[in-house]
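Q: Quick one: the structure is below, and I'll ask about it shortly.
The values are calculated or read from the model by the stated rules, or taken from the named source; none is laboratory data. No experiment lies behind these values; they were computed from the predicted model shown. Ideal geometry is used to build each Cβ from the backbone, glycine not excepted, and the neighbour counts take in all protein chains shown. Side chains are part of the model used for accessible areas, which takes the heavy atoms of the whole protein and leaves out ligands, DNA and RNA. Shrake-Rupley method; radii C 1.70, N 1.55, O 1.52, S 1.80 Å.
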Amino acid sequence: MSVLKDRLFRKPPQPPPYVLEDTTKTHPRRIFKLFGIEWMAYPTAWIAPIWMLATGILVSFLTRVGDSVGERLFAGLVYGLLIGASIVMHYLCGALAGSLVNSPMRFTLFTATLAYCRYDDSREYPSRVHLVRSLGQPAAHVLLGVPALGFYLAGYHSHFLLFLAIANFVFLVVAMAPLPTMHGGVVLKHLRGWKRG
């Protein structure tokens, strides 16, 4: 129980609780550099696309009961790709948010579960900077989820739109969890101890 508590409530710069790798022993590899950001991965990062596709297929088989196996499998693969695209959008919006407040993202690190990032913290930043950075990534899920739901409710009854909306609202809720290494925890910390700059 104490291991779970330590994982949930560890403080930055420790990685978020969903990172299962031992970051003190496992070393990531550089994949490429894009927008001035190092995109890196742990050796176990290959697991993440598999769980995304498996989740998409599971959701499809549970919800699209009247369809053939082939149709459900195809829908599930698309659902998995939508999960992956939403996660990539999450980090791209984080990179944009960091550049807007002149505190660039240093790297994004893919793990077996999800990814996490680090910003340039070589100097003290005012709370405003931390808030923009912390809200930039969850904003991606609003930007994807709200229009998808809007189109669905407007009459474009595509199960892909509905899945995209629901998946992004789930990601938004998880990202805003009030834990120290999650976006919600950073927002709470800097709203409570506001520092001007």
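Q: Of all the residues that make up the stretch 8-30, how many are part of a loop (DSSP other than H, G, I, E, B), more than 25 Å from Pro178 (Cβ to Cβ) and either open to solvent by 80 Å² or more (accessible area, probe 1.4 Å) or touching a residue at least 24 places away in the same chain (Cβ under 8 Å) (or both)? Write out each step before concluding.
A: Of all residues in the stretch 8-30, those part of a loop (DSSP other than H, G, I, E, B) come to 10-28.
Now restrict to residues that are more than 25 Å from Pro178 (Cβ to Cβ): 22, 24-28.
Then drop every residue that is not either open to solvent by 80 Å² or more (accessible area, probe 1.4 Å) or touching a residue at least 24 places away in the same chain (Cβ under 8 Å) (or both), which leaves 24-25, 27-28.
Residues that pass the stated criteria total 4.
Q: Can you run down the residue pairs with Cβ atoms below 7 Å, 6 or more apart or on separate chains, where the first is in the stretch 121-139 and part of a loop (DSSP other than H, G, I, E, B) and the partner is aliphatic (A, V, I, L, M) and open to solvent by 10 Å² or more (accessible area, probe 1.4 Å)?
A: Pairs that qualify, where the first residue is part of a loop (DSSP other than H, G, I, E, B) and the partner is aliphatic (A, V, I, L, M) and open to solvent by 10 Å² or more (accessible area, probe 1.4 Å): there are none.
Q: Tell me, which residue of the stretch 177-197 that is free of Cβ contacts under 8 Å to residues at least 60 places away in the same chain and in a helix (DSSP H, G or I) is most open to solvent (accessible area, probe 1.4 Å)?
A: Restricting attention to the stretch 177-197, the residues satisfying the condition of being free of Cβ contacts under 8 Å to residues at least 60 places away in the same chain are 177-178, 183-185, 187-189, 192.
Applying the additional criterion that residues be in a helix (DSSP H, G or I) yields 183-185, 187-189, 192.
On the way: His183: 33, Gly184: 3, Gly185: 11, Val187: 18, Leu188: 68, Lys189: 128, Arg192: 194 Å².
Applying the filter and picking the extreme gives Arg192.
Q: Given the options Thr113, Thr108, name the one that is touching a Cys at 6+ places or on another chain (Cβ under 7 Å) and not in a helix (DSSP H, G or I). Walk me through how you get there before you give the answer.
A: Values: Thr113 fails: touching a Cys at 6+ places or on another chain (Cβ under 7 Å).
Result: Thr108 is the single residue among Thr113, Thr108 that is touching a Cys at 6+ places or on another chain (Cβ under 7 Å) and not in a helix (DSSP H, G or I).
Q: Now a separate question. In the stretch 96-126, which residue that is surrounded by fewer than 22 Cβ atoms within 10 Å (Cβ to Cβ) and of a type in the set (Gly, Ala, Ser) is modelled with the highest pLDDT?
A: Only one residue fits best here, namely Ala112.
Q: If we keep just the residues of the stretch 127-143 that are open to solvent by less than 40 Å² (accessible area, probe 1.4 Å) and over 29 Å from Arg29 (Cα atoms), which is modelled with the lowest pLDDT?
A: Restricting to residues being open to solvent by less than 40 Å² (accessible area, probe 1.4 Å) and over 29 Å from Arg29 (Cα atoms), the top hit is Ser127.
Q: Still on this structure, please answer the following. Quick check on the stretch 31-52: of everything there that is crowded, with 18+ Cβ neighbours inside 10 Å and in contact with a helix residue (DSSP H, G or I) (Cβ under 6 Å, 6 or more places away or on another chain), which residue is farthest from Gly80 (Cα to Cα)?
A: By that ranking, first place goes to Ile37.
Q: I'd like to know if the stretch 158-170 contains one or more residues that are open to solvent by less than 70 Å² (accessible area, probe 1.4 Å), modelled with pLDDT under 90, out of contact with any Gly (no Cβ under 7 Å at 6 or more places or on another chain) and not aromatic (Phe, Trp, Tyr).
A: Within the stretch 158-170, not a single residue is open to solvent by less than 70 Å² (accessible area, probe 1.4 Å), modelled with pLDDT under 90, out of contact with any Gly (no Cβ under 7 Å at 6 or more places or on another chain) and not aromatic (Phe, Trp, Tyr).
Q: Also, I was wondering about something else. Could you check the stretch 65-85 and list, in sequence order, the residues that are within 12 Å of the chain's Cα centre (by Cα) and surrounded by fewer than 21 Cβ atoms within 10 Å (Cβ to Cβ)?
A: Going through the stretch 65-85, the residues within 12 Å of the chain's Cα centre (by Cα) turn out to be 83-85.
Gly84, Ala85 - these are the residues of the stretch 65-85 that are within 12 Å of the chain's Cα centre (by Cα) and surrounded by fewer than 21 Cβ atoms within 10 Å (Cβ to Cβ).
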